[in-house]
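Working notes, beginning with the structure itself.
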Amino acid sequence: MKWIGALLFIGTTTLIGFEVSRKLNERPKHIREMKNALQILEAEILYSQLPLPEAFEIIARQIPEPLSTFFHELHVSMHDVGTDLYSVWDRCVNELLETSSLSDIEGEIVKQFGRTLGQHDFAQQQKHIHLTINHLDRQLEEARENQFKYGKMAKSLGVLCGLFVVLLLI
């Protein structure tokens with residue numbers, strides 16, 4: 001019975017290590033996808049001059065999960081009468097942070113962008129998009145460094161912590 005418990009404990013800590021590593025590996029990917037979505041949004045606002053709900057729908061069709069759900073939810077929520085953009089944006093960003101590997105820092109960057117969205121003319125809006133992309137570029141570099149530094153270590157640490165605790169208890 002001890003051995004079964006020991007194997008289950010080692011398996012659990014190993015899975016935790018692999019999950020941490022997966023999040024570290026997905027974070028740069030999700031940041032790149034957010035940057036791509038903002039670039040598509042810029043094109044739709046400046047060149048197509050579409051209203052924001054339609055631009056969100058187009059973005060949702062062009063990017064992968066979990067960001068496509070984020071933009072689809074924005075599109076759907078914008079059609080509700082009496083809702084302001086920032087409250088919808090804030091709620092959707094909070095949901096995105098729960099379902100993606102983005103950190104709270106990226107969430108705050110995107111929320112700050114949402115405060116300015118739809119408040120300015122085309123040139124100012126373009127400047128805000130570029131500023132947000134620059135902030136995300138810095139976070140992307142940090143995410144890549146963390147992925148390189150801690151990705152393999154998280155997997156190994158999960159296994160080793162499980163072995164260590166099991167050896168202490170046996």
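The values are calculated or read from the model by the stated rules, or taken from the named source; none is laboratory data. As the structure is a prediction and not an experimental result, all values here were calculated from the model. Glycine gets a Cβ as well: all are built from the backbone with ideal geometry, and neighbour counts include every protein chain shown. Ligands, DNA and RNA are stripped out before the accessible areas are found, and what is left, the full protein with its side chains, is counted by its heavy atoms. Shrake-Rupley method; radii C 1.70, N 1.55, O 1.52, S 1.80 Å.
What to note about this one:
- In segment 82-99, the residues that are more than 17 Å from PHE56 (Cβ to Cβ) and modelled with pLDDT under 90: GLY82
- Segment 17-34 residues that are in contact (Cβ under 8 Å) with a residue 60 or more places away in the chain and more than 28 Å from GLY162 (Cα to Cα), paired with ones that are in a helix (DSSP H, G or I) and of a type in the set (Val, Ile, Thr) (beta carbon under 8 Å, 6 or more apart): MET34/VAL110
- Residues of segment 1-14 that are surrounded by 12 or more Cβ atoms within 10 Å (Cβ to Cβ) and either touching a residue at least 40 places away in the same chain (Cβ under 8 Å) or of a type in the set (Lys, Arg) (or both): ALA6, PHE9, ILE10, GLY11, THR12, THR13, THR14.
- Given (1) of a type outside the set (D, E, K, R); (2) within 19 Å of LEU85 (Cα to Cα); (3) touching a Leu at 6+ places or on another chain (Cβ under 8 Å); (4) open to solvent by 30 Å² or more (accessible area, probe 1.4 Å), number of the condition ALA55 does not satisfy: (4)
- Any helices (runs of 4 or more DSSP H) falling wholly within segment 50-168 and containing at least 2 residues that are of a type in the set (A, V, I, L, M) and within 30 Å of THR14 (Cβ to Cβ): 85-99
- Of everything listed in (1) closer than 27 Å to GLU19 by Cβ; (2) out of contact with any Lys or Arg (no Cβ under 8 Å at 6 or more places or on another chain), the single unmet condition for GLN124 is (1).
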